[in-house]
Amino acid sequence: MKMMKKEKQTICPICNEKLTFIKQNLADNIKICANHFNEANITTGEIIARQNDPFTVEEIQERINLIQQMEEEFQKDIDSFVTTKQIGNFVAFDDNQKKWAILSSVLGKIEQIYNYSDIVDFELLEDGESVAKGGLGRALVGGALFSGVGAIVGGVTGKRKTTGIINSLKLKVTIDNIYNPVVYINFITTKTKKNGFTYQTISKSAQECLSMFQLVCDKHNKEEKEPDRASSSIIDEIKQFKELLDDGIITQEEFDKKKKELLDL
């Protein structure tokens with residue numbers, strides 16, 4: 001009996017397009033267009049690690065769908081973001097929604113959006129060296145003081161080397177995200193003279209960013225403390241009415257009623 005030759009796969013099961021020479025093999029020897037691995041955000045390292053456990057069509061499709069969903073949600077966040085303050089093409093703030101965004105330094109478009117409450121601390125780095133830092137529960141240290149020619153002086157360590165050229169100036173922001181705990185706002189990424197107009201202009205933006213981030217953190221600290229103070233005040237009031245009850249000045253019914261009012265029950 002003659003064996004039937006297995007039909008050659010010519011169509012990608014994900015996009016339903018004709019397979020080209022560039023393709024990827026999955027489990028059960030199913031092939032898909034190579035670009036779908038990029039769409040699923042699968043790295044070369046991940047492919048190598050899965051050599052003995054190849055991806056399935058369903059797995060690739062699920063990851064693509066998840067990424068598309070995330071992109072759609074991010075676009076909604078962008079559309080709803082209303083800038084109340086913008087600092088150059090570096091960062092923007094939506095004070096109404098308590099959100100901030102990192103901008104593209106070239107086009108000024110929103111690249112990432114975070115909540116005010118995401119900020120843990122921040123640190124201004126000049127050529128990798130800390131010159132100022134601040135954050136939740138702390139004051140702004142270093143102050144990003146500027147000399148007459150625009151150079152940042154009075155660094156955190158007090159051991160800064162003074163040179164006429166800078167290669168990097170960026171704000172490192174630690175956020176409350178276990179998967180991506182650090183983000184950077186890049187102010188200078190190429191060799192720049194400290195006594196030049198570019199450095200003076202950008203360093204002022206960096207200083208303004210520091211001030212804004214510290215204001216956001218200080219406001220958050222204040223809002224965190226206010227509920228505690230309010231709660232303490234309510235407890236004190238309940239204690240006062242309990243004393244009136246114990247002294248026979250008010251009845252149990254009156255005490256229970258007042259207690260419910262104070263606790264908003």
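The values are calculated or read from the model by the stated rules, or taken from the named source; none is laboratory data. Everything numeric here is computed off the predicted structure, so don't read it as measured data. Cβ atoms come from the backbone with ideal geometry, glycine included; neighbour counts cover every protein chain shown. Please note that ligands, DNA and RNA were not included when accessible areas were found on the heavy atoms of the full protein model with its side chains. Shrake-Rupley method; radii C 1.70, N 1.55, O 1.52, S 1.80 Å.
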- Note on the structure: Checking V131, V149, V153 in turn, the sole residue that is farther than 18 Å from P181 by Cβ, at pLDDT 90 or above and hydrophobic (A, V, I, L, M, F, W, C) turns out to be V131
- Select from segment 22-45 the residues that are assigned to a helix (DSSP H, G or I) and under 18 Å from M70 (Cα atoms) and write down the one among them that is most open to solvent (accessible area, probe 1.4 Å). N38
- Query: Looking at this structure, is K109 open to solvent by 20 Å² or more (accessible area, probe 1.4 Å) and either within 12 Å of the chain's Cα centre (by Cα) or farther than 23 Å from I188 by Cα (or both)?
  - Reply: no
- Query: Which members of segment 120-129 meet the condition of being surrounded by 16 or more Cβ atoms within 10 Å (Cβ to Cβ) and out of contact with any Asp or Glu (no Cβ under 8 Å at 6 or more places or on another chain)?
  - Reply: D121, F122, E123, L124, L125, E126
- Message: Any residue in segment 115-133 that is under 23 Å from I166 (Cβ atoms) sitting within a Cβ distance under 8 Å of a residue that is open to solvent by less than 40 Å² (accessible area, probe 1.4 Å) and of a type in the set (F, W, Y)? List the pairs, counting only those 6 or more apart or interchain.
- Response: F122/F213; K133/F122
- Note on the structure: Counting only residues in segment 84-128 that are part of a loop (DSSP other than H, G, I, E, B) and of a type in the set (V, I, T), the one modelled with the highest pLDDT is identified as T84
- Query: So which residues in segment 46-66 are of a type outside the set (D, E, K, R) and open to solvent by less than 80 Å² (accessible area, probe 1.4 Å), if there are any at all?
  - Reply: I47, P54, F55, T56, V57, I60, Q61, I64, N65
- Hey, can you tell me all the residues within segment 163-179 that are modelled with pLDDT of 90 or more and not aliphatic (A, V, I, L, M)? N167, S168, K170, K172, T174, D176, N177
